[in-house]
Amino acid sequence: MQIFQQYIGGQFEDATEHFDSLDPATGTAWAKMPAATPQDVDRAVTAAEQAFFSSEWATMTATARGKLLLRLADLIAEAAPRLAELETRDTGKIIRETSAQIAYVAEYYRYYAGLADKIEGAHLPIDKPDMEVWLRREPIGVVAAIVPWNSQLFLSAVKIGPALAAGCTVVLKASEAGPAPMLEFARLFDQAGFPAGVLNVLTGGADTGAALTSHPKVAHVAFTGGPDTARHIVRNTADNLASSSLELGGKSPFIVFDDADLESAVNAQISGVFAATGQSCVSGSRLVVHAAIKDAFLERLTEKAEKIAIGAPDDMATEVGPLCTRAQQDRAEQLVAQTVAEGARLITGGTPLERDGFFFPPTILDCDGVDQATSLREEFFGPVLSVVSFETEAEAIAIANDTAFGLASGLFTRDLTRAHRMIRAIRAGIVWVNTYRAVSPIAPFGGHGLSGHGREGGIEAALDYTKVKSVWLRTSDAPIPDPFVMR
Ligand code: NAD
């Protein structure tokens, strides 16, 4: 079995403890991953702190940091096929998705490479004649970045890119499910020529994450994962008062009005909920459809859902692969059964496929008439769509906002004025109109409520990794009078 190494202080090293990584397509172990101990975490954070304060990184110009990030982007683009294969092997994410996504990951590093020397301070028109006052934007310090299994290269790029552009250093903890691509990424990072300790890559589970987020030298935690873990993390950061940015889950509404282009809406809904086998935080997992078109919409949707090619993740013809873990498969099955017991109608799917690996088919549940249906509230993180219909625009808004989450939303209508009213009314960090799942390094991404806070992508993300220093400079040569001498 292949044994992977962890990356601390610019060195690849064998860990003292390991855990098995399972191939989700077969359910069997294929590699051994380092299980970082609290001592490893401490060494990694110490290396990141030394790099932050006393390596050449500390005095490197922003332009030079940008050049290193550009070199890294080129290395990622070159290695994209290899990284894609590894991610597919270790997480079950299908090869057509990993290939496209990893090629685009390079663009995130390019964007932040370009931004590095555009993170500017400000000069203030202060209300005192003999003072110059300006603001310096300085890097916040050592960043702990924690990512879940789905799209680790992507979800770490939106943390590492802006953090390094701002001048921070990073300790990344990959997910215990499917960490191989992150350990391979560490090799590219090393090759790009960054000073030792600027990025450290550890793998492990909750204990490793807890040791990292409670470490007194960590200044900021950038986390993607579930709300329960986020609560643990916020508690862990409390002693040191470290800041955090939290990208959590969602139960995003996909709203279709009766004037929408049905074919486009159906296609967008199919990829909106079944892409990545539903393991996507922005999954459009609640279809909110106008009653007048519900039956026609569901008929087309079901026909397409049932034709989706389910298969081996490394086959380019596969459209839906396995879930990443058995726990995810069990959860999907249990939540579907619970919702059906509450009165929902199962239209298609609903039970694991009878084959090796963690396969679960595209599933559609009609929840009309079921009060407080479980599947309309709980995030599955699997290929399950829950449907509810509406009659009026006000009803559509009420249903869309009836969630503790607030990450993404989709809106399909040809009525421009209605679209504008809806955009204002929907409580979510992203509104996609007549499209779904579009992302770009240029656009901020993030949510409200249980979907977390802070933004990834765009300039906002880089500013999250800075702190502002106010500088006051007196311009008068006149001596400062002794304040205690009466005149
Ligand atoms: P998770 O919260 O269980 O785990 C995420 C990461 O946190 C893993 O690396 C895990 O090891 C680590 N972790 C677990 N316990 C910890 C602790 N006590 N302290 C520190 N770290 C700890 O999430 P998951 O189940 O791996 O991923 C699915 C979740 O991620 C879903 O809720 C999904 O919506 C969310 N997600 C959000 C986004 C987004 O951008 N908003 C993107 C992808 C996934």
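Taken together, the values in this text are just the output of simple stated rules run on the coordinates, not laboratory data. Remember, predicted model here, so these are calculated numbers, not experimental data. Quick reminder, even Gly has a Cβ in these numbers, built from the backbone with ideal geometry, and neighbours come from all protein chains shown.
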Tell me, what does the Kirkwood hydrodynamic radius of region 392-487 come to in angstroms if you use every pair of distinct C-alpha atoms?
17.3
Could you work out the per residue convex hull volume over the alpha carbons of region 1-107, in cubic angstrom?
111
Region 8-85: relative contact order as a whole-number percent, Cα under 8 Å and 6+ apart
21
For region 217-376, what is one quarter of the convex hull surface built on the Cα atoms, given in nm²?
12.1
Defining a contact as two alpha carbons under 8 Å apart and six or more residues distant in sequence, what relative contact order in percent does the chain show?
18
Please list the equivalent ellipsoid semi-axes of region 110-165, computed as the square roots of five times the alpha-carbon gyration tensor eigenvalues, in descending order and whole angstrom.
35, 12, 7
Ordered by fewest other Cβ atoms within 10 Å, a rough proxy for footprinting exposure, S151, S389 read S389, S151
Which value, to two decimals, describes the C-alpha radius of gyration of region 135-229 once divided by 2.2 N^0.38 Å?
1.03
Peptides ranked, highest mean first, by Cβ atoms within 10 Å: ranges 168-176, 341-349, 80-88
168-176, 80-88, 341-349
Diffusion coefficient in µm²/s returned for region 48-201 by Stokes-Einstein, Kirkwood Rh over C-alpha pairs, 10 °C and 1.306 mPa s, is 98
Compactness check, region 1-52: C-alpha Rg relative to the 2.2 N^0.38 Å globular estimate gives 1.36
Ignoring solvent entirely, what values of log10 I(q)/I(0) come out of the Debye formula for region 343-399 at 0.14, 0.27 Å⁻¹ when each Cα is a single scatterer?
-0.45, -1.14
Given R₀ = 35 Å, FRET efficiency for R424-K118 by Cβ-Cβ distance, to 0.05?
0.70
Give, rounded to the nearest 20 debye, the magnitude of the charge dipole that the chain has about its Cα centre when Lys and Arg contribute +1 at Cβ and Asp and Glu contribute -1 at Cβ.
1140
Kirkwood Rh and Cα Rg combined as Rg/Rh, region 277-351:
0.98
Over all directions, the chain yields a Cα convex hull whose mean projected area in nm² is 27.5
How many percent of all Cα-Cα pairs in region 166-272 sit more than 24 Å apart?
44
Rg/Rh (Cα only; Kirkwood hydrodynamic radius) as it applies to region 287-407:
0.99
By how many nm would the segment from A317 to K67 lengthen if fully extended, with 0.36 nm per residue of separation less the alpha-carbon distance?
86.2 nm
Honestly region 40-85 on the Cα gyration tensor test (a ≥ b ≥ c root eigenvalues; a/c under 1.5 rounded, otherwise a/b vs b/c for prolate or oblate) is just oblate
